[in-house]
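Every number in this text was worked out from the coordinates using simple rules, so none of it is lab data. In this text, all values refer to a predicted model and were calculated from it rather than measured experimentally. Don't worry about glycine lacking a Cβ; one is built from the backbone with ideal geometry, like all the others, and counts go over all protein chains shown.
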Amino acid sequence: MKKVCFIVSLIFVLGCQTQKFERPNVVFILVDDHALKAVSSYEGSLIETPNLERIANNGIRFDAACVTNAICAPSRTVILTGTHSHINGVVDNGSRFDPSQPTFPLLMQEAGYQTAMIGKWHLKSNPVGFDYWDILNGQGQYYSPVFMKSVNGSEPVNRTIDGYCTDLTTDLTIDWLDQERNKEEPFLLLCHHKAPHRTWMPGPNQLELFKDTQFPEPETLFDDFRGRASAVSTQEMTISDHMYLWHDLMVPPQEGATLEGPDKWAQGNIDRMSETQRTAWDETFDADNDSFIKSDLKGAELTRWKYQRYMQNYLRCIKGIDDNVGRLLDYLEENDLADNTIIVYMSDQGFFLGEHGWYDKRFMYEPSLRIPLLISWPDVTDKGSHSDLLVQNLDLAPTLLEIAGVEIPKRMQGQSMVPILKGDATPWRDAMYYHYYEYPGAHSVQKHEGVRTERYKLIHYYEIDEWEMFDFKSDPNEMINLYDNPAYAGIQNELNQKLKALKVQYEVPSS
Ligand code: CA
């Protein structure tokens, strides 16, 4: 009897060891609107992000990672389901996510992973496929945010937590790792930050940063949109005309002023601060606001001032993310988890940091289309490596399922990046499909679809039947529309064929 017990125990121990080896933990850090130009692992970054570099240095940096639809809720749904927007139904921010569809967390949960989701969810329906979730209410608030929590299917409970959103999301994430999970089983942990989403409110620990920094202006800050589709000039996302002084730039209204647009609800964001937070906030902005008001800037000078203030706060939010990613990495290292935990760092799409005079995203232009994507898989990915392959947010779900040893549903349209992570040669897509749907809607960006290859891009604003084509290797700012340029007729034809083929491959309904 003793002998049988011993053999059974031995099998159990070996089984556990095999399981530990085969099924690594996964921490997926998703941030909101993080531009490539604000990650120091990438060329031309405006700031240093040393903790994000820790992930990149320990793993792989993707240099041509793109989204399928550059807007928040749709991108989150693409990530969860591994399907394009026309398949998963979340085509714009007004859509509700149908939680009956398969997602990678649900499938990993069914396969025995403990699953937790903490932070920004923003999909209108509650999370499914998680043992534990603690999510921000809708878009969430930067100060004293409301979190809604459910454990093992319990009735969700709302509570307001004092503090700053990025810090709190990290606190809750570390608390789950430390106190809530079963330490004998592998886990999938989603840590989703609200920052650096508009209104770019920095945290108390970053307010002092960049006070005297002048950030370089993008070459296209004063783009006149000549030669491109009319959609480029009819949008409403310019720093000059569509960025609000109170809501977006922390300049309170003068007494008796009439508030317009988003400025009407700016006070609500400020009122969530504690007295100490409010004092620090006022000390940061008051003096500069006074001199700004006295200077009475107009035209280009006003746009320049707005750009600097925008960058100051946006990049402070990023520094808050970087500091908090550092805290999470420290926890993993100090608790013997780093060696068996895959870390994925990704943004739900890119963001315009003044290119073409814009903020926001939506357009299939490089600053919003491309995302930072860093993945470390200890003992598997080569440290400090990088890939130029055309991966997409669509590919994350199949990748994590393959890593977890779970069968990838046929419905998923992405491709597993596991061979790339292992450094193996693998056939990969030479063109990607993009489709933006939210029109009419916030920022008035026309619907468009398109194809991007390693060098070229073709965009069709199909409701107004206008086209653009760019060679972003020779024209990285995407200023010269090559569509119908006879010298590029062959390339145009090739891109058109690729677009048609991708629409057939992904079963896109005709527009
Ligand atoms: Ca976003």
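Couple of notes before you dig in:
- When each of the peptides 357-370, 149-162, 281-294 is scored by the mean number of other C-beta atoms lying within 10 Å of its residues, the order from highest to lowest reads 357-370, 281-294, 149-162.
- P(r) histogram, all alpha-carbon pairs of the chain included - 20 Å bins from 0, percent: 22, 56, 20, 2, 0
- Three semi-axes of the equivalent ellipsoid, the range 373-466, Cα gyration tensor, whole Å, largest first: 31, 16, 12
- Value in Å of the Kirkwood radius, where the range 412-511 supplies the Cα pairs that are averaged: 15.1 Å
- Within the chain, helix-based [θ] at 222 nm, where runs of 4 or more DSSP H residues each add -39,500 (n - 2.57), nearest 500: -10000 deg cm²/dmol
- Ranked by how many other beta carbons lie within 10 Å on average, peptides 102-115, 478-491, 233-246, 80-93 from highest: 80-93, 102-115, 233-246, 478-491
- Under the criterion of Cα pairs below 8 Å and six or more residues apart, the relative contact order for the range 200-268 equals 20 percent.
- If both residues of a DSSP beta bridge must be in the range 18-170, then about 70% of such bridges are antiparallel.
- Sequence-separation-based contact order of the range 241-310, relative, with Cα cut under 8 Å and 6+ spacing, percent: 33 percent
- In the chain, taking the dipole from charged Cβ atoms about the Cα centre, the farthest positive-side position among Pro509, His386, Ile375 is held by Pro509.
- The range 172-322, relative contact order in percent, only Cα pairs under 8 angstrom and at least six apart counted: 46 percent
- Within the same chain, lysines fewer than 8 places from Lys211 are excluded, and of the rest, those with a Cα less than 21 Å from its Cα are Lys37, Lys294, Lys306, Lys319.
- Among Ala489, Gly423, Phe147 - extreme Cα towards positive end, dipole of the chain, charges at beta-carbon: Gly423
- Peptides ranked, highest mean first, by Cβ atoms within 10 Å: ranges 430-441, 375-386: 430-441, 375-386
- For the range 52-89 and the range 172-208, distance of Cα centres in Å: 18 Å
- Distance histogram in 10 Å bins (all Cα pairs of the range 322-407, percent per bin): 13, 36, 34, 15, 2
- The range 241-310: translational diffusion in µm²/s, Stokes-Einstein, Kirkwood Rh over Cα pairs, 20 °C, 1.002 mPa s: 165 µm²/s
- In terms of Cα atoms, the Rg and Dmax of the range 53-196 work out to 15.5, 42 Å.
- Check: the chain dipole with +1 on Lys, Arg Cβ and -1 on Asp, Glu Cβ, in debye: 1300 debye
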